[in-house]
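For reference, the structure discussed in these notes is given below.
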């Protein structure tokens with residue numbers, strides 16, 4: 001397991017339903033990274049904002065946003081993750097891609113579609129969780145509303161890093177802050193949450209609060225402010241191992257299966 005996983009989190013103001021402009025904005029921010037990084041984390045629906053206009057915005061699995069992610073991963077020699085609106089086999093998905101530096105990728109479809117915004121009427125919910133193995137780290141990437149459902153994030157596979165990519169509005173940001181910390185504590189893992197900022201086309205306001213917590217829930221980094229922001233955070237495998245070996249909380253977890 002690689003000792004340090006250098007993780008770049010990018011909090012951005014997403015231009016409503018404008019994939020080309022959003023990709024260009026992220027390209028500019030990524031070009032500013034001078035240090036070597038292992039992983040770049042983008043928000044939920046990073047190319048469009050949290051839109052229900054799937055018919056007009058959806059891309060195929062060979063679309064420009066996935067190709068951009070692959071190109072970015074290859075040119076930076078870093079993995080890139082974030083979610084997109086995808087159409088496949090006649091269905092729409094809020095699909096997260098974890099793209100490796102060689103351009104290959106794995107996918108996760110958002111399990112908990114946000115009924116308050118009628119996401120469940122537009123997007124097909126995923127059925128399977130994804131655990132990615134990357135540089136010796138086991139990573140569980142999830143999407144926004146998934147954060148409210150601890151059983152889905154439950155660390156039954158001894159993952160090391162939990163990631164939430166999100167469009168989480170300011171009106172409920174207190175829940176975002178608390179739940180990110182709680183997921184880190186109960187799963188004894190690093191927890192990274194990357195949110196957007198700015199206003200969307202429905203006039204919902206987003207104020208960021210992207211954050212990183214260690215396996216005891218201690219805050220390593222938080223934007224707190226409302227603007228665009230990029231930060232590189234060093235996640236340490238030795239800290240994780242020492243904490244788990246000393247406290248052994250995961251060994252006492254209840255045993256049950258989801259049905």
Query - Tally, over segment 91-108, of residues that are out of contact with any helix residue (DSSP H, G or I) (no Cβ under 8 Å at 6 or more places or on another chain) and closer than 11 Å to residue 58 by Cα - result: 3
Report summary line: Restricting attention to segment 151-184, the residues that are closer than 16 Å to residue 213 by Cα, in contact with a helix residue (DSSP H, G or I) (Cβ under 9 Å, 6 or more places away or on another chain) and part of a helix (DSSP H, G or I) number exactly 7
Query raised in the report: Can you spot a residue in segment 169-176 that is closer than 11 Å to residue 11 by Cβ and surrounded by 15 or more Cβ atoms within 10 Å (Cβ to Cβ)?
Result: no
**Report entry** Selection within segment 53-70 - buried (at least 16 other Cβ atoms within 10 Å of the Cβ) and assigned to a helix (DSSP H, G or I)
**Finding:** 54, 57, 65, 66, 68, 69, 70
Query raised in the report: Just to be sure, is residue 72 under 15 Å from residue 22 (Cα atoms) and at pLDDT 95 or above?
Result: yes
Query raised in the report: What single numbered condition from (1) touching a helix residue (DSSP H, G or I) at 6+ places or on another chain (Cβ under 7 Å); (2) farther than 16 Å from residue 10 by Cα; (3) in contact (Cβ under 8 Å) with a residue 40 or more places away in the chain; (4) part of a loop (DSSP other than H, G, I, E, B) fails to hold for residue 215?
Result: (3)
Report summary line: Within segment 185-212, the residues that are in a helix (DSSP H, G or I) and buried (at least 23 other Cβ atoms within 10 Å of the Cβ) are 187
Requested in this report: Among what's in segment 242-255 and is under 26 Å from the mean Cα position of the chain (by Cα) and loosely packed, with under 14 Cβ neighbours inside 10 Å, pick the residue that is nearest to residue 128 (Cα to Cα).
Outcome: 253
Query - Residue match in segment 79-94 (condition: under 19 Å from the mean Cα position of the chain (by Cα) and not in a strand (DSSP E or B)) - result: no
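The values are calculated or read from the model by the stated rules, or taken from the named source; none is laboratory data. Everything numeric in this text was worked out from a predicted model, so none of it was measured. We place every Cβ from the backbone using ideal geometry, glycine too, and count neighbours over all the protein chains shown.
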